[in-house]
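Here the structure is laid out as structure tokens; the discussion comes afterwards.
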Amino acid sequence: MQWTNDISEAVRIQNEIAEAVRLTPLISEPETVAGMDVAFTDTEAVCAVVVMRYKDLEIIEEGILKDSLLFPYIPGYLSFREGPLMKKALECLNTKPDILLIDGQGIAHPRGAGIATHIGVLTGLPSVGCAKSKLVGEYEEPCPERGCWSKLLYEGRTVGAAVRTRTEVKPVFVSPGHLVTLDDAIRVVLHCSTKYRLPEPIRRADHLSRRFKNLL
DNA sequence: GCGACAG
DNA sequence: ATCTTGTCGC
């Protein structure tokens, strides 16, 4: 019972996920990293996962999965809309990624269970949330150079960071998902963000899901 | 009531 | 998220 279409049940599940989260340091530098994203049409959703070699970001494997929509987009409950697809897409891979980079929040969530955390706990894989905008928390504008970042605070706790992946470009919101620390999360996101605002794995997954969707 | 609000 | 042309700037 990891998924549901009932809000009160969803809250219960998120609280369980939040209790299971472990923000322990990454053992060693990952060998592979997988980026995930979902694109939509009126009635269907397409999830893409792109696995890359961590060292040089060369693509190792790509996966795509289409399904119908069962849950609407409600702020705070994104995982119940996109999570089921991501879970299935991961199960189709031949490669087992060392870490997941997901388009959304990790613990920077009302109940500490954003989609990156949800998927991380369910799969038992290290995961990092990297969103284009924030869901909760307050932060100060980080300095303009790439690599600069500032804490994202929520209810007196540091739940993530506003990270500048490109000089003079709007920051992305990074938060640990599962089995990583905030520093790990920031380091991984910066490592994967070379010439664009978003980390390469997520960018490629975004392109792939979008291309596929436009063929439906 | 008003503002905020991942994708 | 998605619908969309041109346009400013490196």
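A short reminder: the numbers here are calculations on the coordinates, not readings from a lab. Just so it is clear, the structure is predicted and the values come from calculations on it, not from any experiment. No Cβ is skipped: glycine too gets one built from the backbone with ideal geometry, and neighbour counts run over all protein chains shown.
Could you tell me which residue of segment A:85-102 is surrounded by the most Cβ atoms within 10 Å (Cβ to Cβ), considering only residues that are assigned to a helix (DSSP H, G or I) and within 16 Å of DNA strand C (Cβ to nearest atom)? Once the filter is applied, the top-ranked residue is A:Met86.
Taken over segment A:139-162, the criterion of being within 22 Å of A:Arg111 (Cα to Cα) and of a type outside the set (Lys, Arg) is satisfied by A:Tyr139, A:Ser150, A:Leu152, A:Leu153, A:Tyr154, A:Glu155, A:Gly156, A:Thr158, A:Val159, A:Gly160, A:Ala161, A:Ala162.
The condition (being loosely packed, with under 15 Cβ neighbours inside 10 Å, assigned to a loop (DSSP other than H, G, I, E, B), of a type in the set (Phe, Trp, Tyr) and out of contact with any Pro (no Cβ under 9 Å at 6 or more places or on another chain)) is satisfied by just one residue among A:Tyr77, A:Tyr73: A:Tyr73. Mind checking whether some residue in segment A:178-186 is out of contact with any helix residue (DSSP H, G or I) (no Cβ under 9 Å at 6 or more places or on another chain) and either assigned to a strand (DSSP E or B) or over 23 Å from A:Val121 (Cα atoms) (or both)? No: segment A:178-186 contains no residue that is out of contact with any helix residue (DSSP H, G or I) (no Cβ under 9 Å at 6 or more places or on another chain) and either assigned to a strand (DSSP E or B) or over 23 Å from A:Val121 (Cα atoms) (or both).
Hey, could you check segment A:18-66 for residues that are basic (Lys, Arg) and farther than 21 Å from A:Lys88 by Cβ and say which is farthest from DNA strand B (Cβ to nearest atom)? Once the filter is applied, the top-ranked residue is A:Lys55.
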